[in-house]
Amino acid sequence: MEPRIEEVMTLKHAAQLSGIAYTTLVGAAREGRLRSKRTSFTWLTTRAWVVEAINNGTLKPRKHCPFLDG
């Protein structure tokens, strides 16, 4: 199912909100470890997709991730 437009955010914004480095999120997106979409030069994801990647063990934040708090 495609996310609603209000759920979508850039990886830069996701990095700011989650405390996970932007380069980590981009690498995970490129490698297919983080569900994301690419539009021209901008990567897009959702909070739910970041949480999913963390819970699946494909994305490992180095410190506490505020996204997991709900």
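The values are calculated or read from the model by the stated rules, or taken from the named source; none is laboratory data. Everything numeric here is computed off the predicted structure, so don't read it as measured data. Here Cβ is always computed from backbone atoms with ideal geometry, including for glycine, and neighbour counts include all displayed protein chains. Note: accessible area is taken over every heavy atom of the protein model, side chains too, but ligands, DNA and RNA are not part of it. Shrake-Rupley method; radii C 1.70, N 1.55, O 1.52, S 1.80 Å.
Quick notes on this one:
- Once both labels are positioned 7 Å from their Cα atoms along Cα-to-Cβ, the gap between Ala21 and Lys60 label points is 1.4 nm.
- Per DSSP, loop chymotrypsin sites (Phe, Trp or Tyr not before Pro) in the chain with at most 14 further Cβ within 10 Å: Phe41
- Heavy-atom accessible surface of the chain: percent carbon and sulfur, 1.4 Å: 52 percent
- Dipole size of the chain about its Cα centre, with +1 on Lys/Arg Cβ and -1 on Asp/Glu Cβ: approximately 260 debye, rounded to the nearest 20.
- Accessible area per residue, Å², the chain with all protein chains present, probe 1.4 Å: 68 Å²
- For the chain, the longest site-free run once trypsin sites (Lys or Arg not before Pro) in DSSP loop states with at most 15 other Cβ atoms within 10 Å are removed: 5-61
- Contour excess over end-to-end distance, with Cα ends at Val51 and Lys37 and 0.36 nm allotted per residue: 3.4 nm
- Theoretical gain in end-to-end length, Leu68 to Ile5 [0.36 nm per residue, Cα-Cα removed]: 20.6 nm
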